[in-house]
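Where a number appears in this text, it was derived from the coordinates with a stated rule and is not lab data. Computed from a predicted structure; not experimentally measured. Cβ: placed from backbone, ideal geometry, glycine included. Neighbour counts: every protein chain shown.
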Amino acid sequence: MHDLVVKTRTDCEPYLDEATAKGLSLHLDLPLSPVLVRIDLQAYHLILSNLISNAIKYTPAGSIQVLLHKQTPWAVLKVKDTGIGIPAAQIDRIFAEFFRASNARRSQIPGTGVGLTGVKELVERFEGELEFVSEENQGSTFTVRLPLFDRED
């Protein structure tokens, strides 16, 4: 079992400078008490780093928020940005391998289109859920739910 509060804080640190250099604010909202889950720390790092790096990459101005809290039976991680968002007609394809939204391609932001597919696979491997809401030119919020560690496990 691992504490996501500690891991989230540590994994977000490198992105603070990147966001600041781009003129963005990156806010962390983490609980004071541990949020314990059973997950491979490298897998969690890949999930979190992909979501944060996408948020920074696709946010030309504004902010990114990383929120973590418990909502029994889940540990809930949210990465919210004020970026370019995803066109409504393309939302159902966002987790398809190699898919990139048309507004991302038009703005010539580099990317491969494999990151969110991998994030979804990792979240599901650890019996979690991944959801998102997005509005073009308003931003996106990705929500990861991972099962909280139950001491009876």
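For residue 63, the shell of other residues with beta-carbons less than 9 Å away shows a net charge of 0, using +1 for Lys and Arg and -1 for Asp and Glu. Taking all C-alpha pairs of region 2-147, those more than 25 Å from each other amount to 23 percent. Candidate cross-link partners of residue 70 among the lysines, defined by an alpha-carbon separation under 16 Å and a same-chain spacing of 8 or more, comprise 7, 78.
Antiparallel as a % of all DSSP beta bridges within region 2-147, to the nearest 5? Around 85 percent antiparallel, to the nearest 5.
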